[in-house]
Every structure is written in structure tokens, then in C-alpha cells.
Amino acid sequence: MWFPFLFFTWGCIPEISIGCQDMTNASSTYLGIAAGAVIGAIISWWIYNRQKKTAEIQDIALNRIKELDENHDVILKRIEDLDSRHEEILKKILDLNKKIDSGTKTDKTD
């Protein structure tokens, strides 16, 4: 059904039809456009597919980095809490040391 219309529109294509002497310029142009469209579609699909896979891998990596960053923040908070506790304990130890020193000095003077 389409072939007679296609041959009529494109003109004589010796590679496809029988009894044809030469391909017309119009049919050559249309055939080149069709072949270019097919090749372009294949290349475009391939590029799209590669970019999609790359984007998925990048999303996984970014999510992992986000998780590590959140864990890093939690660890930093714990370290800050631990540091503040150590500061408090150090102050208490130094105060106790001063009290012990002042107690021993008063005993020696008596």
C-alpha cells in the first residue's frame, strides 16, 4: 500500500525497484534524510541512555556524601559535648587541687 506511493514520491530507486535505470535526486535526498534520521535517533538514544546511567550513579554518590556529612555533623557534636565535659572535669580537678594545696599549706604553718 505504501510502497507504490513511496516509489511515486521518491522516483525510481534502482536498489529497491526492478527495471529502474537511475535514482533521482529527490529520492536520493529523501533516502539520505531517512538514513540520517535513523542514525541520529540511534546516537541520540545512546547518549541519553549513557547520561541517564551517569546521573543515577551521581545521585547515589551524592546521597552517600550527604549521609556521610550528616554522620560527620553528629560526630562533631559528640566531640564538642565531650570536650565541654572534659573542660568541666578539668576545672573541678584544678579547684580540688587548689583546695588540697591550700589545706596542706595551712597544716604546715601550724
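The values are calculated or read from the model by the stated rules, or taken from the named source; none is laboratory data. Computed from a predicted structure; not experimentally measured. Areas reflect the complete protein model, heavy atoms only, side chains present, ligands, DNA and RNA absent. Shrake-Rupley method; radii C 1.70, N 1.55, O 1.52, S 1.80 Å.
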The correct count of residues that are open to solvent by less than 90 Å² (accessible area, probe 1.4 Å) and at pLDDT below 75 in the stretch 15-46 is 7
Selection from the stretch 88-110 of residues open to solvent by less than 90 Å² (accessible area, probe 1.4 Å) and acidic (Asp, Glu) yields ASP95, ASP101
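Yes or no, residue by residue, for (1) of a type outside the set (S, T, N, Q); (2) within 20 Å of the chain's Cα centre (by Cα):
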| position | (1), (2) |
| --- | --- |
| THR29 | no, no |
| ILE42 | yes, no |
| LYS52 | yes, yes |
| ALA55 | yes, yes |
| ASP59 | yes, yes |
| ARG78 | yes, no |
| ASP101 | yes, no |
